[in-house]
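The structure is given below, and queries will be raised subsequently.
The values are calculated or read from the model by the stated rules, or taken from the named source; none is laboratory data. Owing to the predicted nature of the structure, the values given are computational and were not obtained by experimental measurement. No Cβ is skipped: glycine too gets one built from the backbone with ideal geometry, and neighbour counts run over all protein chains shown. For accessibility, only protein heavy atoms count, side chains too; no ligands or nucleic acids. Shrake-Rupley method; radii C 1.70, N 1.55, O 1.52, S 1.80 Å.
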Amino acid sequence: QVRPVESGGGLVQAGDSMRLSCAASGRLFSTYALGWFRQAPGKEREFVAAIGSIARDTDYEDSVRDRFTISRDNVKNTVYLQMNDLKPGDAAVYYCAARHREIGYQDWEYSYWGQGTQVTVSS
């Protein structure tokens, strides 16, 4: 199993960039697909982006597709979410999650979760 730990959240202004990191301890990190989800107050947790176990496959929620980039470093056991042109609607707690092999789009597909990191975007 893996144990994700997110970092990199904070307060930014609209239009700024931010990079989230998720370091996952545990064995066989490279065999896991990693996903980023977010949850804003009063809303359900939603899919943001995911990357497959060998990084060939990536996918994004439509509203972030042209602004966010997910990547992974299997040597450092870390997945990143580069977020550009942040908007107030991107404000949420961002969670990193892991599942074996293939990308998933629903939170119930992921077995391992981090505690989340807060992203706040001021207008």
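So what are the ³J(HN,Hα) numbers for the stretch 65-74, from phi and the Karplus equation (6.51, -1.76, 1.60; θ = phi - 60°), rounded to whole Hz, Gly and Pro as x?
4, 8, 10, 10, 9, 9, 8, 9, 10, 6
What accessible area per residue, rounded to a whole number of Å², is obtained for the chain using a probe radius of 1.4 Å?
Here the per-residue accessible area is 53 Å².
Please return the longest range in the chain lying between exposed loop sites, taking trypsin sites (Lys or Arg not before Pro), DSSP loop only, at most 15 other beta-carbon atoms within 10 Å, and leaving the sites out.
The longest uninterrupted stretch comes out as 1-26.
I want the local charge near residue 17. Using Cβ-Cβ distances under 15 Å, sum +1 for each Lys or Arg and -1 for each Asp or Glu among the other residues.
My count for the surroundings of residue 17 gives -1.
Given a 1.4 Å probe and every protein chain left where it sits, what share in percent of the accessible area of the chain is carbon and sulfur?
Its accessible area is 45 percent carbon and sulfur atoms.
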